Structure formats: C-alpha cells, structure tokens
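For reference, the structure is listed below as structure tokens.
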Amino acid sequence: MANIKIHPTAIVSKDAQIASNVEIGAYCVVDGKVEIGEGTILRPFSRVCDYTKIGKNCRIHEHAVIGGPPQDLSYKGEITWAILGDGVTCREYVTINRATGEGETTEIGDGCFIMENVHCAHNVKTGKGCTIANKNGIAGHVHIGDYAVIGGMSGFHQFVHIGSYCMVGGMSRLTQDIPPFMMAVGAPVRVYDINKVGLRRHGFSQAQRTKIHNLYKKIYDEGLLFKEAIAEIEKEFPTDPEAILILDFARSTIRGFAPRFTKDTRNSCPEGMA
C-alpha cells in the first residue's frame, strides 16, 4: 500500500483493508471488516461500517453512512454485506444499509451517482450508471437496472423493480414495476412513453426506438392480457436484444407492471410529460 492519506482525527481500524491512493478525511470512522479500493476518497465525517466493500475511485461525501445494519425487524445479526462498485459517488447524508439474510448483499453498480439524502435499504440492487436524485427513499429488495434515472423525493415500495434505461419523474410513488426503456411519473406511478432522450444518449437508433415503442403498444394498447402480449413478443422476437430485456424483466416481476396513462388519467400527468 502506498500514498494512503488518513487525517489525524479519523478513526480507522487496523484491520480495514485499504488500497493505495485512498484519502480518508477528518473525523471519518472506518470499521475493521471493510475493504476500500484504490483511489477512493472519504470526505470528512463519513462512516464506513463493518461488512462493507467499496470499489476503486469512489467518492463518499460528508455524513454518508455506508454499510449500516438493515432497518429490518427480521434481521438477527447475520453476516451480510454492502458492496459498492467502482466510480460510485455518494453525496451528503446518503445511507446504504447492508442486507438481511445470511450471506446476502446490498449492491450499488459501477458509476452510480447517488445524490444527497438518498436511502438505499437492505438488499437493494442497482445496475451500473444509475443517477438517483436527492431524497429518494428506496425500500428493501428494490432492484434498479442499468442507466436508470430517478427523480428526487420519490418513494419506493419494497420489491419494486425499475428496468434499465428508465426515467422516473420526481415526487413519484412507486408501488409497481417500471419496465425497461420507459418513462414514468405520478403518485401512484404511471408509465407514459419510452425514454426517447435517454435512449438516444445511449446510442439506440431510430429503428430500435421505434421497435421498442411498438413492443410496448402490444403490451399496453392492443387489448391483450399481459401474458398473451408477452407470449406474442417471445414468439415474434426470440433473439432480439431489446425484446429479451423486456421479456426477462417481465418474468422477474413481483409487483406487476405499472399501468399506462389513459385518457382518463392523462390530466394528472405533469405538464410536458405526456
């Protein structure tokens, strides 16, 4: 190990595994059963608890608490983990709890940007490149796919799934799943279109975006039962990567797909979002 900078006021266990070029700021506390990857910076007053692994080049800001025990009455002290990938940013007052269930994990994917005062509860899992805006409350066992964008001050019911490349508007109440590539907003949440801007930014062509739009027309607009629409997509697009992402998501849903805005509910969609 080389070039580790630890402020004199920080409390760092001698058992913590700390890689080179790590900086630990004033009044930080780092427990013993912790691994911190190369180039990571802990800003002053941040806290890293036992059974936490933090990847390379992460930024943990003031008063964030990573790896605290789960807020779950079923937790009985079993060994579980909180794992952050490489390049994760946790802004001020972020809390990420470790999991419930022996050997289970809470996982934050590479390159995620988690803004101020976000809470990620036990067994939450995010994909890579997610942006989660200020003051979101993400309940236990929530799964969020790759490159999702979550607006601020939203609340998540436990076990909700958010698909890859989704965008969720701020102040939403999420009690059902948002399938991949979609935009959603509301309390309760409703989907209303594919995430066109996000898909363009991630290199999806016009033809791909049109295909995704048509896949969701089959699910939402053609009067088919959900299982019938999924069966037709599986039959027509057995090897298509975007269809497979939707199908895999559909098979894993626990809370069911959120409904779409209709003529009766469209007036409740924020201006400019429908």
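The chain: longest stretch without exposed trypsin sites (Lys or Arg not before Pro) (DSSP loop, at most 12 other Cβ within 10 Å), sites themselves excluded? Result for the longest clean stretch: 77-262. Where in the chain lies the longest segment free of GluC sites (Glu not before Pro) that are both loop residues by DSSP (not H, G, I, E, B) and have at most 10 other Cβ atoms within 10 Å? It runs 103-221. Note on K211: lysines with a C-alpha under 22 Å away, same-chain residues under 8 apart excluded, are K196, K227, K235. Note on T239: accessible area is roughly 110 Å² with a 1.4 Å probe, heavy atoms of protein only. Counted residue by residue at 0.36 nm each, then reduced by the alpha carbon distance between them, the extension gain from F237 to D193 reaches 13.8 nm. Our estimate of slack between E78 and R173, defined as 0.36 nm per intervening residue step minus the Cα-Cα distance, is 31.1 nm.
Between N214 and R255, what's the calculated FRET efficiency when r is the beta-carbon distance and R0 is 22 Å? Round to 0.05. Computed FRET efficiency for N214 and R255: 0.35.
What the Cβ-Cβ distance of N3 and K227 gives, at R0 = 51 Å and to the nearest 0.05, is a FRET efficiency of 0.35. Solvent exposure of the chain, expressed per residue, is 47 Å² of accessible area, with all protein chains present and a 1.4 angstrom probe. Pull up the DSSP beta bridges for the chain and report the antiparallel fraction as a percent, rounded to 5. Of the beta bridges lying entirely in the chain, close to 10 percent run antiparallel. A simple spin-label model places the labels of T131 and F113 0.5 nm from each other, with each point 7 Å out along Cα-to-Cβ. For the chain, modelled as a GNM whose springs connect Cα atoms under 10 angstrom apart, the maximal fluctuation among N136, N21, N214 occurs at N214.
Within the listed set G87, G223, G163, the Gaussian network model of the chain (springs between alpha-carbon atoms below 10 Å) gives the highest mean-square fluctuation for G223.
The values are calculated or read from the model by the stated rules, or taken from the named source; none is laboratory data. Values in this document were obtained by computation on a predicted structure and should not be read as measured data. Cβ: placed from backbone, ideal geometry, glycine included. Neighbour counts: every protein chain shown. Surface accessibility is based on the protein's heavy atoms, side chains included, excluding ligands, DNA and RNA. Shrake-Rupley method; radii C 1.70, N 1.55, O 1.52, S 1.80 Å.
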